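*Asks:* Sharing a structure, written as structure tokens. Questions coming.
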Amino acid sequence: MIINHQIITLQDNKKYFVLEELLEERERYCLIINIEDDSDVKITLRNENNGKLFLKEVDDKKLLNDLSLKFKTMLEKDQEMYS
């Protein structure tokens, strides 16, 4: 199931918009932004189990940095396409 550009609700009942999804070394990551607080941006690891979707915030600093750069590149390409 693709959740790119959808609104999801996390366990804390906060709603996030999925900006991008990225497949990296057989893992799927999501760049999400809180729809009520645009300063609340997270990169999460996405898992599915028995049809349920789980997102876990990435806390490994090196991985987070690598993913941040890749998501930035993806967003820049999207921006170019619509400019």
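*Asks:* For LYS42, are the conditions met, namely being more than 14 Å from ILE2 (Cβ to Cβ) and outside any strand (DSSP E or B)?
*Replies:* When the stated conditions are applied, LYS42 does not pass them.
*Asks:* Just to check your reading of the model, which residue among LYS72, LYS62 is surrounded by 10 or more Cβ atoms within 10 Å (Cβ to Cβ), part of a helix (DSSP H, G or I) and at negative phi?
*Replies:* Checking each option against the conditions leaves just LYS72.
*Asks:* Of everything in the stretch 8-18 that's at pLDDT below 95 and part of a strand (DSSP E or B), which residue is most open to solvent (accessible area, probe 1.4 Å)?
*Replies:* Residue satisfying both the conditions and the ranking: THR9.
Table: residues versus (1) closer than 14 Å to TYR16 by Cα; (2) without any contact (Cβ under 8 Å) to a residue 40 or more places away in the chain; (3) loosely packed, with under 14 Cβ neighbours inside 10 Å.
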| residue | (1), (2), (3) |
| --- | --- |
| ILE33 | yes, yes, no |
| SER39 | yes, yes, yes |
| ASN50 | no, yes, yes |
| LYS56 | yes, yes, yes |
| GLN79 | no, yes, yes |
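*Asks:* Does GLU27 meet the test of being surrounded by 13 or more Cβ atoms within 10 Å (Cβ to Cβ) and over 11 Å from the mean Cα position of the chain (by Cα)?
*Replies:* Taking the combined requirement at face value, the residue satisfies it.
The values are calculated or read from the model by the stated rules, or taken from the named source; none is laboratory data. In this text, all values refer to a predicted model and were calculated from it rather than measured experimentally. Glycine gets a Cβ as well: all are built from the backbone with ideal geometry, and neighbour counts include every protein chain shown. Remember, those area values only see protein heavy atoms, side chains included, never the ligands or the DNA or RNA. Shrake-Rupley method; radii C 1.70, N 1.55, O 1.52, S 1.80 Å.
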